[in-house]
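Visitor: Below are the structure tokens for one structure; questions will follow.
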Amino acid sequence: MLSVTFLAVSLFGAVQLAAAQSSLYGQCGGINWTGSTTCSSGTCTKLNDWYYQCLPGSGSAAATTTTSTRASSSTTRSSTSASSTPSSVLSGLPRLKGVNEAGYDFTVYTNGSFSGTGVDPPAGQFTHFASQGVNAFRVPFAWQLMTPTLGGTIDSAFWTRYDKTVQQGLATGAYVILDLHNYARWNNAIINQGGPTTAQYASLWSQVATKYASNPKIIFGIMNEPHDLPAIAPWVQSVQAAVNAIRAAGATSQIILIPGSSWSSAQALPTEAGPQLLTVTDPAGGVSKLVFDVHKYLDSDNSGTHDECVTDNISVFQTLVNWLKQNNRQAILSETGGGHTQSCYTALNSQLAFIKNNYPTMLGFTVWSAGSFNTAYELSVTPNADGTDNQLWIQAVKPNL
């Protein structure tokens, strides 16, 4: 029989050894990583240069800690910059860094009504932004342009215009987000709550998904900024119907972006619609291709209508990241922006750096907005007439591409 003293020493040594190793799904390597490079369970597997993770089964060899000359401010902003999300629930997409190409959404009102014809985003912007590292374009559209009759078929004339723009984005090698920009409404009536039925809503996505079913670089943004919903549960049913319709159309490889309520608020998601939206299932299997779609602006009332920024939203996004990790999910910031002021140059840069450093939990961002907005618009990142970029883009966005 071992003596009590020897047994205690042996157990102490075992505890020290276990503490020195990373646990299953813990980080075990990557640029600037100073912790353990061995796993108490699983194999240390490279997910990207910045993040190696202990995963079940076989994988790459144990990580070799890598050093970097990158400025410490960009790598240590968040203590949770490396995600602990298991790879089995990650989307597999690279970090998305992009911009909205607005125009087909012009005159869509927040009550879901529409009175225009849309404006085609300038073709040259796609190569302009892609040359700087942009790899994602979000292209909003009005429901009434796509299907002029509720529940009806796609308008062929509009489809020709819209698809031409989408193809311009795809031609750069980027991902393109198809964004239905109707606020969960059609003409002031809410989907599945007195307005369009889930079948009418799903019909739109069935038709769109059929046309892009074979293209893995299409991302389906199933609704922009639902807000003031009388109840969350009917919206969750509508989301499920759209997901089912997209998959039934044969589009089984693409990411689907699912928004919460309160204008797709990043702040509200963890406590409002998020818990119920976690129940949405994917007929394609798992949840790795269902990514939460969030928005957050930096002005005094989070409306994106003021020139000055008052926050960089770091505390909001830290809370969101924590919630996403707890539930093994991802989100993308598909709308954010600022005015042409020093406060916004600083705050937007800070916010986007946080999003960048929290990949893959935060899949990335698409800034609002370029496209057919003129350069006088307070949140415009539309290039100047001479082809140069404005200071908001140069100082806040470009450093995070």
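Visitor: Would you please put 146-152, 162-168, 351-357 in order of how densely packed they are, using the mean number of other Cβ atoms within 10 angstrom per residue and starting with the highest?
Guide: Highest to lowest by the protection proxy: 351-357, 162-168, 146-152.
Visitor: Another one. If you take the beta carbon distance between Ser131 and Asp307 as r and set R0 to 30 Å, what does 1/(1 + (r/R0)^6) give as a FRET efficiency, to the nearest 0.05?
Guide: Taking R0 as 30 Å, the efficiency between Ser131 and Asp307 is 0.60.
Visitor: All other residues with a Cβ under 15 Å from the Cβ of Ser115 taken together, and with Lys, Arg as +1 and Asp, Glu as -1, what is their net charge?
Guide: 0
Visitor: What are the residues whose amide H is under 5 Å from the amide H of His295, where those residues sit 5 or more places off or on another chain and H is modelled from the backbone?
Guide: Excluding prolines and chain starts, which carry no amide H, the hits are Ser265, Ala266.
Visitor: Still on this structure, I have one more. Percent of Cα-Cα pairs more than 24 Å apart in the stretch 115-260, please.
Guide: 30 percent
Visitor: With respect to the cross-link table entries Lys211/Lys296; Lys164/Lys325; Lys211/Lys325; Lys97/Lys211, which display a Cα-Cα separation exceeding 29 Å?
Guide: The answer is Lys211/Lys296; Lys164/Lys325; Lys211/Lys325.
Visitor: Please compute the Kirkwood hydrodynamic radius over the stretch 96-400, one decimal place, Å, based on all pairs of different Cα atoms.
Guide: 19.0 Å
Visitor: Quick one: which residues, 5+ away or cross-chain, put their amide H under 5 Å from the amide H of Ile219? H built at 1.01 Å from N.
Guide: Val176, Ile177, Leu178
Visitor: Under a crude label model (7 Å from the Cα following the beta-carbon direction), how far is Thr153 from Gln395 in nanometres?
Guide: It works out to 5.3 nm between the two label points.
Visitor: Run through every distinct alpha carbon pair of the stretch 92-197 and return the Kirkwood hydrodynamic radius in angstroms, one decimal place.
Guide: That comes to 14.6 Å for the stretch 92-197.
Visitor: Next up: Using a 10 Å cut-off on Cβ atoms, rank the peptides 328-337, 268-277 from the highest mean neighbour count down.
Guide: 328-337, 268-277
Visitor: Now for a different question. Could you please put Ser156, Ser261 in sequence from largest to smallest accessible area, using a 1.4 Å probe?
Guide: Sorted by accessible area, descending: Ser156, Ser261.
Visitor: Oh, and also: Using the alpha-carbon centroid of each, what span in Å lies between the stretch 313-365 and the stretch 146-167?
Guide: Each part reduced to its Cα centre gives a spacing of 32 Å.
Visitor: If you take the square roots of the eigenvalues of the alpha-carbon gyration tensor of the stretch 95-135 and sort them as a ≥ b ≥ c, do you get rounded (a/c under 1.5), prolate (a/b over b/c) or oblate?
Guide: Cα axes put the stretch 95-135 in the oblate bin.
Visitor: Would you mind checking the stretch 328-357 for residues with the amide N under 19 Å from a putative spin-label position 7 Å along Cα→C-beta of Ala376?
Guide: Those under the cut-off are 339-341.
The values are calculated or read from the model by the stated rules, or taken from the named source; none is laboratory data. Fair warning: this is a prediction, and the values are worked out from it, not measured in the lab. Please note: Cβ atoms are built from the backbone with ideal geometry, for glycine as well, and neighbour counts cover all protein chains shown. The accessibility values were calculated without ligands, DNA or RNA, using every heavy atom of the protein model including side chains. Shrake-Rupley method; radii C 1.70, N 1.55, O 1.52, S 1.80 Å.
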